[in-house]
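Novice: Can you keep this structure in mind? I'll have questions shortly.
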């Protein structure tokens, strides 16, 4: 297995931190090493927020990276900030509902996901983060859908089964959107 080094970024309130926590927790469910490192802009809601998630079968030396292998960009400021630091032949997953311009890089794989539209069809725009996570997982196989489901249960608990269920629907819809 190759090591997954992901930076996920977007506006505060887009669920970037939750996306990272769920991914890192799912890796732990699979007995993999994982780190989750949040980074907030000056404002919590509306400012730029990002997190770095590292998943590996070997111990992780540092959760910090200057050049991630994968980037999820939920908005244009995130694309501008992180597009230039992705490793060559890396993966750039874009929320094309919000990002209306083409990336400048041609040496990375670019995946466009209409995350907001897909989430809206599911009845809740707040799950756009899980839609894009599903697309990321379909492209990378970083963790299994079963592990993600367990991580969601751990995060939301049994009282919020419908919330975990909606998030799983969003993940599956995101994965399906890139398999077409």
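Novice: Starting from a Cα-only point model with no solvent, please compute log10 I(q)/I(0) by Debye for the stretch 92-147 at q = 0.14, 0.15, 0.19 1/Å.
Specialist: -0.41, -0.46, -0.70
Novice: If I histogram all Cα-Cα distances within the stretch 79-180 using bins 10 Å wide from 0, what percent of pairs lands in each bin?
Specialist: Using 10 Å bins, I get a P(r) of 16, 42, 31, 10, 1 for the stretch 79-180.
Novice: Given 37 °C and 0.692 mPa s, how large is the Stokes-Einstein diffusion coefficient of the stretch 61-129 in µm²/s, with Rh as the Kirkwood radius over Cα pairs?
Specialist: Numbers: Rh = 12.7 Å.
Roughly 259 µm²/s, to the nearest whole number.
Novice: Follow-up question, since we're still on this one. What is the P(r) of the stretch 4-179, as percent of Cα-Cα pairs per 5 Å bin from 0?
Specialist: In order of increasing distance, the bins hold 1, 9, 19, 23, 23, 16, 7, 2, 0, 0 percent.
Novice: Quick one: what Rg and Dmax do you get for the stretch 82-121 from the alpha carbons, in Å?
Specialist: Reported Rg and Dmax, both Å: 11.2, 34.
Novice: Mind jotting down a quarter of the surface of the convex hull over the alpha carbons of the stretch 11-99, in square nanometres, one decimal?
Specialist: 6.0
Novice: Using 1/(1 + (r/R0)^6) with R0 = 45 angstrom and r between the beta carbons of residue 62 and residue 100, what's the FRET efficiency to the nearest 0.05? Spell out each step's value before the answer.
Specialist: Working: r = 35 Å, r/R0 = 0.77.
Step by step, r from the Cβ atoms, then E = 0.80.
Novice: Working out 0.36 nm times the residue gap between residue 39 and residue 154, then minus their Cα-Cα distance, what length gain in nm do you get to one decimal?
Specialist: Additional length available on full extension: 39.1 nm.
Novice: Once the cut-off is 11 Å, how many percent of the Cα-Cα pairs in the stretch 63-103 end up in the long-distance tail? Write out the running numbers ahead of the final one.
Specialist: Values: 497 of 820 pairs.
I get 61 percent for the Cα pairs in the stretch 63-103 exceeding 11 Å.
Novice: Count the DSSP beta bridges whose two residues both fall in the chain, then state the antiparallel fraction as a percent rounded to the nearest 5.
Specialist: Values: 16 of 29 bridges.
Of those bridges, close to 55 percent are antiparallel.
Novice: In deg cm²/dmol, rounded to 500, what helix-only [θ] at 222 nm does the chain give when every DSSP H run of at least 4 residues adds -39500 (n - 2.57) and the total is split over its residues? Intermediate values should be presented prior to the final figure.
Specialist: Numbers: 6 runs with 72 residues, N = 180.
Value at 222 nm, helices only, nearest 500: -12500 deg cm²/dmol.
Novice: Now for a separate question. How many angstrom lie between the Cα centre of the stretch 1-16 and the Cα centre of the stretch 126-165?
Specialist: The distance from the Cα centre of the stretch 1-16 to that of the stretch 126-165 comes to 14 Å.
Novice: Same structure again: Take the Cα of residue 31, step 7 Å along the line toward its Cβ, and report every residue of the stretch 48-76 whose backbone nitrogen sits under 16 Å from that point.
Specialist: Zone members listed by number: 56-59.
None of the figures in this text is laboratory data; all of them are computed from the coordinates on show. Just so we're clear, the structure is a prediction, and the values are computed from it rather than from any experiment. We place every Cβ from the backbone using ideal geometry, glycine too, and count neighbours over all the protein chains shown.
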